[in-house]
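Single-structure report; data block below.
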Amino acid sequence: MKNLFFFLIFSVVYIFQVTAQIVINEYSAANYDTHADNYSEYEDWVELYNPTSAAIDIVGWYLTDKPANPTKWMVPSSFVIPANEVAIIYCSGRDELLGVFAHSNFKITQTKGNEILMLSDAASNFQDSIRVLPNQNSHSRGRESNGASIWSVFVNGSPNSINMGAMQEYATTPIFSQNGGYYNGPINITLSSPDPNITIYYTTNGDEPNSASSIYTGPINITTTTVVKAISYSANTNIPSSFIDYHTFFINDTHTIPILSISGDVG
């Protein structure tokens, strides 16, 4: 009975520690033009959530984008997260805390694919972590609701607000049958997606495709040098459209000097 009593006490304490921790609640590495900081700049941001019934001061806590360097940025002075509330840390590289405006000494880079946000307390005890996945322009990724275990995509990021409007993962980017490059004559390009109930839209004039662009119904015949851009839309309205993929096809183009072809998008 005594052993059972200590086991129950241990279990209660353990559960309290797990459920009481500050968690990473939402982040965006694609805040290009939506949520300005105190410098009127559009910086990456990380939202922390306090799920407890008491305010917590995270002075001395650590945030990093490289788990191998868990103490990369320390909260330098008092930074209180009220009970059941959130707080924002801008990942601007400024390394400062001015009132309620916290700025880490690093930025988030979503294109590298190897960044993991990790939060530790003042004693360097691990609290939470999440891998940084790509967002489209001004989108964010966050917990389905504040503190929930499921992570979702938000097409309207909600820093300092309740997480609402959670969506599923982006539709799969269209698959091109051939890569861009030099071809000696006309070619036919096919587009496909492994997702069900998908409509693919495309352009051949360099414009960004959207739901008003040409609908893909069959092979695209390329007879002259062309940039083909494509995007997938799901019939499921809870699945946001895919990222755009694009390829430049050079048809019967010959040059006496090296050519660099540049194309891109913003999100």
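Once region 102-124 is narrowed to residues that are among the polar types (S, T, N, Q) and under 13 Å from the mean Cα position of the chain (by Cα), the residue that is surrounded by the most Cβ atoms within 10 Å (Cβ to Cβ) is 110.
Could you say whether any residue in region 205-221 is more than 26 Å from residue 139 (Cα to Cα) and β-branched (Val, Ile, Thr)? Taking every residue of region 205-221 in turn, at least one turns out to be more than 26 Å from residue 139 (Cα to Cα) and β-branched (Val, Ile, Thr). Any residue that is of a type in the set (Gly, Ala, Ser) and either outside the structural domain of residue 35 (by TED's automatic domain parsing) or farther than 18 Å from residue 28 by Cβ (or both) - is there at least one of those in region 130-144? No - not one qualifying residue is present in region 130-144. Here residue 207 meets the list (1) at pLDDT 95 or above; (2) farther than 30 Å from residue 148 by Cα; (3) surrounded by 13 or more Cβ atoms within 10 Å (Cβ to Cβ); (4) of a type in the set (Asp, Glu) almost entirely, failing just condition (3). Just a yes or no: is a residue in region 45-56 under 18 Å from the mean Cα position of the chain (by Cα), surrounded by fewer than 16 Cβ atoms within 10 Å (Cβ to Cβ) and under 27 Å from residue 136 (Cα atoms)? Within region 45-56, not a single residue is under 18 Å from the mean Cα position of the chain (by Cα), surrounded by fewer than 16 Cβ atoms within 10 Å (Cβ to Cβ) and under 27 Å from residue 136 (Cα atoms).
State whether the residues of region 70-85 include one that is outside any loop (DSSP other than H, G, I, E, B), in contact with a Leu (Cβ under 9 Å, 6 or more places away or on another chain), at pLDDT 95 or above and surrounded by fewer than 16 Cβ atoms within 10 Å (Cβ to Cβ).
no
Residue pairs whose Cβ atoms lie under 8 Å apart, separated by 6 or more positions or on different chains, with the first residue in region 56-70 and farther than 14 Å from residue 88 by Cα and the second at pLDDT below 95 and outside any strand (DSSP E or B), are 65/108; 65/109; 65/115; 66/115. Out of curiosity, is residue 47 acidic (Asp, Glu), in the same structural domain as residue 140 (by TED's automatic domain parsing) and not in a strand (DSSP E or B)? In short, no.
The values are calculated or read from the model by the stated rules, or taken from the named source; none is laboratory data. What you are looking at is a predicted structure, and each value in this text was computed from that prediction instead of being measured. Positions of Cβ are generated from backbone atoms using ideal geometry, with glycine treated the same way; all protein chains shown enter the neighbour counts.
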